[in-house]
Number of protein chains: 2
Amino acid sequence: MTQSLKIRTLINRIGRIDAADGWSDDLNPTQLAALGYLAQANRFSRAPSHVADFLGTTRGTMSQTLKALERKGYISELRSDADKRYTSYDLTAKGRTATRRPNPLEEALQTSDPAMTDSLEHALTTLLQTMLKANMGRAFGQCIDCVHFKTGTPKAYCDLLSVSLESKETRQICHEQKPRLVS
Amino acid sequence: MTQSLKIRTLINRIGRIDAADGWSDDLNPTQLAALGYLAQANRFSRAPSHVADFLGTTRGTMSQTLKALERKGYISELRSDADKRYTSYDLTAKGRTATRRPNPLEEALQTSDPAMTDSLEHALTTLLQTMLKANMGRAFGQCIDCVHFKTGTPKAYCDLLSVSLESKETRQICHEQKPRLVS
DNA sequence: CCTTATTAGTATCGACTCGCTACTATTGCA
DNA sequence: TGCAATAGTAGCGAGTCGATACTAATAAGG
C-alpha cells in the first residue's frame, strides 16, 4: 500500500465520517456543504454554477440542491437585474445558525497541536492547488490573496470586477480568485 | 473564518473533487470507496458491517452497495460455514483492476515534497484517531500496528483471533485492530 | 441590426445512496 | 430452553448523481 493511497483513503474516510454525523436535523452532506460555501462566498460568487464548481458537481445537481435548501428555508433566492440569467442565494437566519453547529472534526482540530494544524492546512492547500491546476479548476481563494486585489483607503478594490470591497469582503471566497504568488 | 473550519472545508472539497472525477465507467464514489476498502482489508474484515463501519454508513446502505457491486461483477459473495450469518466479499479480477485507476489526488501527491506528504499522513492519521475516539469508532489499522499482533517464525500470529498470518496479511486492514502505542 | 454562439438556470430520466424501520436467520448467553 | 444480541436484507421516501434537453438572456460577428 503506497503512501499516496493511504493519504487518499484517509481524506476520503475523514470526509465520510464527518459528513455522516454532520447530518443536522434535515440537511444531508451535500446540502450542508453547499450551505457552508454560501456562508463564506462573496456576493459575486453565490450562483448555482459557482457552488457546483466549488463542490465538483454539475449545475443541474446543484440547482436541485439549492431549490431544496430554499424550500426548507435555509437560503433565499435573489435574482439579478443587471444580468437576468444570474441567480444568487443568500443565507437566512436559519441558514446562518445551521452552519455553526459543533462537529467532531473541528473539535478534534481545536485540541490538536497548533504546529500540526498549521502544516496540515498548508499541505492540504498545496495538494488542492495541484489537483485544480491539473483539472483546470478554480481556486476559490479569498480576495485578499488574489492578483486582482488592491489595497486602498478607505476601501480595498477589485481590479477585475471594478468594485470597492468592504473590509469584511476581503476575506470572503470569490469564484474569480487567482492566487497571488504563494510561498 | 477559523483555521479548523478552513481545514474542514479543504478536506471536504478535496474529497468531493476526488470522488467527482474518480467516476470510473459505472462506479459511483461510494461503490469505489467500498471496493477500495475490500482491496485493503484482510479476510476477517470483508463483511457488509465492516465496510459500513469503515465508511461511516449503515449496514442497510452498504448491503445494497455491495449487492450493486456484485451485480456488476466487481466482487463475489462468499458465505461462511462457521457462522452462517456472516457474509464476506472478494474482489474479482475486474474489481482489482478498477482499484488501480490513476487519479489526480494520488498523482498530485506523488509529485509533492516527501517531507510534506509524511507530515500530512501523520496529521491526518492523528486527526482521524481523535475523531474516532470521540465517536467510539474503530481504527481499521494494519495488523502490524495492532496490540494483538505477535511476530513469530515462520509466521506472524494474531492473539485475538488465534490465527497465523501470511506475511502479506500483516499489512492488511483489520476491523478488530487496536493501535499499539503510537508516537 | 440581425443572426448565431455562448452562458445560466432548470426540468426530467434512471441509477443509486442515504437514514430508517421492520423482518428473518443465526448464534450466544443465562 | 428461552431470550437477547447480532448479521444481513428488503422496502420506504427524500435526495444526489451524471446525462440530456430545454428556455431565456446575453455576447459576438457580420
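Some values worked out for this structure:
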| item | result |
| --- | --- |
| Flag if A:Glu107 is over 18 Å from the mean Cα position of the chain (by Cα) and assigned to a strand (DSSP E or B) | no |
| Qualifying residue in the stretch A:79-96 (condition: within 8 Å of DNA strand C (Cβ to nearest atom) and hydrophobic (A, V, I, L, M, F, W, C)) | no |
| Sole exception among (1) in contact with an Asp or Glu (Cβ under 8 Å, 6 or more places away or on another chain); (2) part of a helix (DSSP H, G or I); (3) among the polar types (S, T, N, Q) for A:Ser88, by number | (2) |
| Test: residue in the stretch A:1-8 that is surrounded by fewer than 15 Cβ atoms within 10 Å (Cβ to Cβ) and within 13 Å of chain B (Cβ to nearest Cβ) | yes |
| Boolean, A:Thr130 is out of contact with any Lys or Arg (no Cβ under 9 Å at 6 or more places or on another chain), without any contact (Cβ under 8 Å) to a residue 40 or more places away in the chain and loosely packed, with under 14 Cβ neighbours inside 10 Å | no |
| Candidate set from the stretch B:77-116 (those that are within 12 Å of DNA strand D (Cβ to nearest atom), out of contact with any Lys or Arg (no Cβ under 8 Å at 6 or more places or on another chain) and open to solvent by less than 90 Å² (accessible area, probe 1.4 Å)); member that is nearest to the other protein chains (Cβ to nearest Cβ) | B:Glu77 |
| Per-region count, the stretch A:21-59, residues in contact with a Pro (Cβ under 8 Å, 6 or more places away or on another chain) and either closer than 30 Å to B:His122 by Cα or hydroxyl-bearing (Ser, Thr, Tyr) (or both) | 3 |
| Residue match in the stretch A:28-48 (condition: open to solvent by 10 Å² or more (accessible area, probe 1.4 Å), part of a loop (DSSP other than H, G, I, E, B) and near DNA strand D (Cβ under 8 Å from one of its atoms)) | yes |
| So A:Arg13, is it more than 10 Å from DNA strand C (Cβ to nearest atom), surrounded by 15 or more Cβ atoms within 10 Å (Cβ to Cβ) and closer than 22 Å to B:Arg16 by Cα | yes |
| Residue list for the stretch B:16-27, filter: open to solvent by 50 Å² or more (accessible area, probe 1.4 Å) and within 12 Å of DNA strand C (Cβ to nearest atom) | B:Trp23, B:Asp25, B:Asp26 |
| Selected residue (only one of B:Ile7, B:Ile17 is under 21 Å from A:Ala139 (Cβ atoms), within 12 Å of DNA strand D (Cβ to nearest atom) and either more than 19 Å from the chain's Cα centre (by Cα) or not in a loop (DSSP other than H, G, I, E, B) (or both)) | B:Ile17 |
| Among the candidates A:Gly56, A:Gly60, residue that is more than 7 Å from chain B (Cβ to nearest Cβ) and open to solvent by 20 Å² or more (accessible area, probe 1.4 Å) | A:Gly60 |
| Subset of the stretch B:133-148 [in contact with a helix residue (DSSP H, G or I) (Cβ under 8 Å, 6 or more places away or on another chain) and open to solvent by less than 60 Å² (accessible area, probe 1.4 Å)] | B:Gly137, B:Ala139, B:Phe140, B:Gln142, B:Cys143, B:Ile144 |
| Residue ID - nearest to DNA strand D (Cβ to nearest atom), chosen from residues in the stretch A:49-75 that are closer than 23 Å to A:Thr170 by Cα and among the small types (Gly, Ala, Ser) | A:Ala52 |
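The values are calculated or read from the model by the stated rules, or taken from the named source; none is laboratory data. This one's a predicted model, so the numbers in the text were calculated from it and none came from an experiment. Cβ: placed from backbone, ideal geometry, glycine included. Neighbour counts: every protein chain shown. The accessibility values were calculated without ligands, DNA or RNA, using every heavy atom of the protein model including side chains. Shrake-Rupley method; radii C 1.70, N 1.55, O 1.52, S 1.80 Å.
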